[in-house]
Amino acid sequence: MIDTQLLPDNLLTTNLKKLVNWSRRSSLWPMPFATACCGIELMAVGCARYDIARFGAEAMRFSPRQSDLMIVAGRVTIKMMPVLQHIYQQMTEPKWVISMGACASSAGMFNNYALVAGADRFLPIDIYVPGCPPRPEALMYGIIKLQKKIKDEPELGWRERYRAEGTEERA
């Protein structure tokens, strides 16, 4: 064992998993999927007043292979669902999903035959951001909660544990 008292002051020691999780949470690259009024609030988060860059999530990517965070904001129709699942499957691992707004979480006030009543029926949601539409501050709070979740992530993520138990993922 190394005595840390003998190390020079300019040397930093840490756990590799903690370092990796720090870099993951400090550089989230969102893949926005925005419809209707939630999309406008999602766009507002990138403005100077709210400045999502403070959280390392300002690099909005519209290519799933370059993103690790999907933000589902607004209504999801039955026709959009397979496309959204395909985009999610193309994202790099590890990947996270934020469900933003009442429509993405439960179909909201527009609950009809053409909408999927909640994105959690076909995607594993990590963070729910409530509201109709949620304010930009609420989305920023959701991103902070996701960063805390990434920081506290154990050796295996919940998706890896879920697969290791031999259970089926949601279809």
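The values are calculated or read from the model by the stated rules, or taken from the named source; none is laboratory data. Only a predicted model underlies this, so the values are computations on that prediction, with no experimental measurement involved. Neighbour counts run over all protein chains shown; Cβ positions are idealised from the backbone, glycine included. Just the protein is used for accessible areas: all its heavy atoms, side chains included, with ligands, DNA and RNA removed. Shrake-Rupley method; radii C 1.70, N 1.55, O 1.52, S 1.80 Å.
Before moving on, here are some points about what is shown:
- Of the residues Val45, Ala104, Thr77, the one whose Cα sits farthest toward the positive end of the charge dipole of the range 1-138, with +1 on the Cβ of Lys and Arg and -1 on the Cβ of Asp and Glu, is Thr77.
- Straight Cα distances below 25 angstrom link Lys145 to the lysines Lys17, Lys18, Lys95, with same-chain residues fewer than 8 positions distant left out.
- Net charge, Ala138 excluded, C-beta distance under 11 Å - Lys, Arg +1, Asp, Glu -1: 0
- Here the range 86-143 has an Rg and Dmax of 12.1, 34 Å, counting Cα atoms alone.
- Peptide packing for 97-103, 18-24 was compared via the average number of neighbouring C-beta atoms within 10 Å per residue; ordered from the highest value, the list is 97-103, 18-24.
- As a fraction of the 1.4 Å probe accessible area of the range 59-108, surface on carbon and sulfur atoms comes out at 59 percent.
- Measuring spread by the Cα atoms of the range 1-151 yields a radius of gyration and Dmax of 17.9, 68 Å.
- The range 95-148: relative contact order as a whole-number percent, Cα under 8 Å and 6+ apart: 39
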